[in-house]
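These notes are about the structure you will find just below.
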Amino acid sequence: MATPLTARIRSDGVAVDLASYEASGGYQGLRAALAMGSAGVREAVTQAKLRGRGGAGFNTGLKWSFVPIEDGAQHYVVANADEKEPGTMKDRLLMEGDPHSLIEGLAITALAIKASVGFIFLRREYSKCALALERALGEARAKGYLGEAILGSDFSLEIHLHLSAGRYMCGEETGLLNALEGKRATPRSKPPFPQVSGLWGKPTIVNNVETLVNVPVILRDGSEAFKALSLTGDGGTKLYGVSGRVRNPGVWELPLGTSAREIMERAGGMAEGLSLRGFIPGGASTDFLGGDKLDVKMDFDSVAQAGSRLGTGTMVVLDDRTCPVGMVLSLERFFARESCGWCTPCREGLPWVVRCLEALESGSGEMGDIETLEELSRRLSPGSTFCAFAPGAVEPLQSALKLFRSDFEDHVRKGACPWK
Amino acid sequence: MLSASERERIERAIAVAGDRRSAVSEVLMVVQEARGWVSDQSLADVAEALAMSADEVEGVATFFELVFRRSVGKHVILVCDSVSCWITGYEALLGQLRSRLGIGPGETTADGMFTILPAGCLGACDKAPAMMVDEELFVGVGSEELDRILKWVRDGRHGDAPHR
């Protein structure tokens, strides 16, 4: 099985250096892109049907096409390396193990949208990634893959590494751009979209790390080969993960569209003596699926049809000895704490959600709290808040209220958490 | 007042960021690395260095979780309390920290050695439970590992880090 994103990554945790990267096809994608030119690269990526791996799943080539390529203005490319979606540990693996693949992906993206400045927006907690990227940037500059007149062409690019001081909201692309400009990372209204008016008001593309490392694969192997990596109509492989109480938690690169069951098999199944009650398929802000949904194919459309979202593709598993109310409380505490406070429903609603869940979990809750949680799920749904943060936050809540209803009610009836 | 070395690092941060304002979070971290935290005076100094108002700098400083506006211990322990760690042993880990150090999240030991802070997902979900001590990540932290880690930090980080 082809694993173009992770094949180079060493098991000893040492980042792949430039010589090893080049020896295994590294920077061949950039060379192909330089030969092809800006329009050709955009066409190739659009044909490859690469969809964004940060959670939203938007077609990458289409996203790039909104940039006014020939307006002569400064354009920017930004790698969103602010991975903080609870349950998600995939971009860390890529950056720690193979930092040049991100640099090459950013360079090709910059060529495609005619940008000459790029940023890697990395969360500061990822200190090992920062070291690997600093070193790789230095190697790439020294060898002429970055800087002026790259590989003798008329394409120039400088990439800066920005270490963020920490906030989940920076993963939202307009919040990220505000943070890069030295402001609070509150969201901006859209439109205008960043592709037209982004960093300092200039056309900007923000792509997730995993999205960007797919780009060199497309350029090196071709759009058709890239599509053939997938089991679905969308192209490429996917980094899938499993965490929670399973035998062998981890991250694996598999064809896009691999079933949740096969991914769980990689994780060795549930830990001794436990059975599966449900899972969130792609990070904290995705709806729970029941344990009977393991045959769902983990691609954007199939997971949506099953009633959730692929999100980041990293599953968190609920076993039969963990309290579902406690799990949802953990998720919602995260979101309430991370809410940027910009719009009222999110700022006020999420702490309210937490208070209801705390009451239920501590045994002082009433049936009315469950109704209040349902009401809040509706009031924080898409369209009622400024950005996608709160609607994402209530996805696991609204689905848990349906799937694990009796667990919520038991907390009220027993006046205590039955799991403690 | 900012030291000469802080000023030098601030100028470098501004050069990388492209303009003065864009460097603000990095500059706050420069000051914090030198002084442990960002006092009101440091905040005013940063504002002056970046030609921003103190209110603007405060807005940024209070937004970001790794900028400390109160004094912290010599070492900051970030304990991940997000979902995968919560399922696999966050509460046990926090309990062990409480019993070893006598403090909980948001508190500092009397000797000023450690501060515990809650942390959102540290991106080590497959190796949970996870925590960081300063810039170092520790995963799969059980009771024995915790003792080794705390001793290693207390002893000045000699030798290889235990159980990373």
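The set of residues in the range B:37-47 being within 12 Å of chain A (Cβ to nearest Cβ) and closer than 20 Å to B:Gly112 by Cα consists of B:Val38 alone. For B:Ala34, are the conditions met, namely being assigned to a helix (DSSP H, G or I), more than 8 Å from chain A (Cβ to nearest Cβ), open to solvent by 20 Å² or more (accessible area, probe 1.4 Å) and among the aliphatic types (A, V, I, L, M)? Yes: the conditions hold for B:Ala34. Applying a threshold of 7 Å to beta carbon distances and a minimum spacing of six or more residues, or different chains, the list of pairs starting in the range A:172-184 at a residue that is more than 16 Å from A:Lys202 (Cβ to Cβ) and ending at one that is of a type in the set (Phe, Trp, Tyr) and assigned to a helix (DSSP H, G or I) reads A:Glu172/A:Phe389; A:Arg184/B:Phe63. Does any residue of the range A:375-382 turn out to be open to solvent by 50 Å² or more (accessible area, probe 1.4 Å), closer than 29 Å to A:Pro187 by Cα, in contact with a helix residue (DSSP H, G or I) (Cβ under 8 Å, 6 or more places away or on another chain) and modelled with pLDDT under 95? Yes, some residue in the range A:375-382 is open to solvent by 50 Å² or more (accessible area, probe 1.4 Å), closer than 29 Å to A:Pro187 by Cα, in contact with a helix residue (DSSP H, G or I) (Cβ under 8 Å, 6 or more places away or on another chain) and modelled with pLDDT under 95.
Enumerate the strands (runs of 3 or more DSSP E) found wholly within the range B:49-164, keeping only those where 1 or more residues are closer than 23 Å to A:Asn248 by Cβ. Steps first, please.
Values: elements: B:75-80, B:114-119, B:131-133, B:136-138.
Per the criteria, B:75-80, B:131-133, B:136-138.
Out of the residues in the range A:165-178 meeting the condition of being at the interface with another protein chain (Cβ under 7 Å from one of its Cβ atoms) and open to solvent by less than 30 Å² (accessible area, probe 1.4 Å), tell me which one is farthest from the chain's Cα centre (by Cα).
So the first thing to find is which residues in the range A:165-178 are at the interface with another protein chain (Cβ under 7 Å from one of its Cβ atoms), and the list is A:165-168.
Then drop every residue that is not open to solvent by less than 30 Å² (accessible area, probe 1.4 Å), which leaves A:165-167.
Values: A:Ala165: 19, A:Gly166: 16, A:Arg167: 15 Å.
Among residues in the range A:165-178 that are at the interface with another protein chain (Cβ under 7 Å from one of its Cβ atoms) and open to solvent by less than 30 Å² (accessible area, probe 1.4 Å), the one farthest from the chain's Cα centre (by Cα) is A:Ala165.
Among the criteria (1) out of contact with any His (no Cβ under 8 Å at 6 or more places or on another chain); (2) within 14 Å of another protein chain (Cβ to nearest Cβ); (3) open to solvent by 20 Å² or more (accessible area, probe 1.4 Å); (4) farther than 19 Å from B:Gly59 by Cα, the one A:Val196 does not fulfil is (2).
Please work out if A:Gly61 is in contact with a helix residue (DSSP H, G or I) (Cβ under 7 Å, 6 or more places away or on another chain), in a loop (DSSP other than H, G, I, E, B) and in the same structural domain as A:Leu122 (by TED's automatic domain parsing).
Working: in contact with a helix residue (DSSP H, G or I) (Cβ under 7 Å, 6 or more places away or on another chain): yes; in a loop (DSSP other than H, G, I, E, B): no; in the same structural domain as A:Leu122 (by TED's automatic domain parsing): yes.
Here the answer is no, as A:Gly61 does not meet what is asked.
Among the residues of the range A:206-242, the ones that are open to solvent by 20 Å² or more (accessible area, probe 1.4 Å) and either closer than 30 Å to A:Ala271 by Cα or of a type in the set (Val, Ile, Thr) (or both) come to 2 in all. Each residue in the range B:60-92 was checked for being β-branched (Val, Ile, Thr), open to solvent by less than 20 Å² (accessible area, probe 1.4 Å) and within 10 Å of chain A (Cβ to nearest Cβ), and 4 pass. If you go through the range B:115-144 and keep only what is surrounded by fewer than 17 Cβ atoms within 10 Å (Cβ to Cβ), within 12 Å of chain A (Cβ to nearest Cβ) and acidic (Asp, Glu), you end up with B:Asp134, B:Glu135, B:Glu136. Scan the range A:2-25 and tell me whether some residue there is under 15 Å from A:Val215 (Cα atoms), out of contact with any Asp or Glu (no Cβ under 7 Å at 6 or more places or on another chain), surrounded by fewer than 16 Cβ atoms within 10 Å (Cβ to Cβ) and modelled with pLDDT of 95 or more. Yes. Within the option set A:Ser308, A:Ser364, being in contact (Cβ under 8 Å) with a residue 40 or more places away in the chain and within 19 Å of the chain's Cα centre (by Cα) holds for one residue only, A:Ser308. Can you name the condition, by its number, that A:Gly268 falls short on among (1) assigned to a helix (DSSP H, G or I); (2) over 29 Å from A:Gly383 (Cα atoms); (3) open to solvent by 10 Å² or more (accessible area, probe 1.4 Å)? Answer for A:Gly268: the failing condition is (1).
Looking at the structure I just gave you, is A:Glu265 out of contact with any Leu (no Cβ under 6 Å at 6 or more places or on another chain) and either over 26 Å from A:Thr211 (Cα atoms) or within 14 Å of another protein chain (Cβ to nearest Cβ) (or both)? Steps first, answer last, please.
Details: out of contact with any Leu (no Cβ under 6 Å at 6 or more places or on another chain): yes; either over 26 Å from A:Thr211 (Cα atoms) or within 14 Å of another protein chain (Cβ to nearest Cβ) (or both): no.
No: the conditions fail for A:Glu265.
Residues being among the aliphatic types (A, V, I, L, M), assigned to a loop (DSSP other than H, G, I, E, B) and open to solvent by 10 Å² or more (accessible area, probe 1.4 Å) are entirely absent from the range A:344-357.
Exactly one residue out of A:Ile120, A:Ile150, A:Ile108, A:Ile103 is over 23 Å from A:Ala15 (Cα atoms), in the same structural domain as A:Val77 (by TED's automatic domain parsing) and of a type outside the set (Gly, Ala, Ser): that is A:Ile150.
If the requirement is being within 14 Å of chain A (Cβ to nearest Cβ), farther than 30 Å from A:Gly282 by Cα and open to solvent by 20 Å² or more (accessible area, probe 1.4 Å), which of these qualifies: B:Gly106, B:Gly159, B:Gly102, B:Gly112?
Values: B:Gly159 fails: within 14 Å of chain A (Cβ to nearest Cβ); B:Gly102 fails: within 14 Å of chain A (Cβ to nearest Cβ); B:Gly112 fails: within 14 Å of chain A (Cβ to nearest Cβ).
Selected residue: B:Gly106, the only one of B:Gly106, B:Gly159, B:Gly102, B:Gly112 that is within 14 Å of chain A (Cβ to nearest Cβ), farther than 30 Å from A:Gly282 by Cα and open to solvent by 20 Å² or more (accessible area, probe 1.4 Å).
Do we find that A:Arg347 is among the basic types (Lys, Arg), in contact with a Gly (Cβ under 6 Å, 6 or more places away or on another chain) and closer than 25 Å to A:Ala388 by Cβ in this structure? Criteria met by A:Arg347.
The values are calculated or read from the model by the stated rules, or taken from the named source; none is laboratory data. Fair warning: this is a prediction, and the values are worked out from it, not measured in the lab. Virtual Cβ from ideal backbone geometry, glycine too; neighbours counted across all protein chains shown. Only protein heavy atoms, including side chains, enter the accessible area calculation; ligands, DNA and RNA are left aside. Shrake-Rupley method; radii C 1.70, N 1.55, O 1.52, S 1.80 Å.
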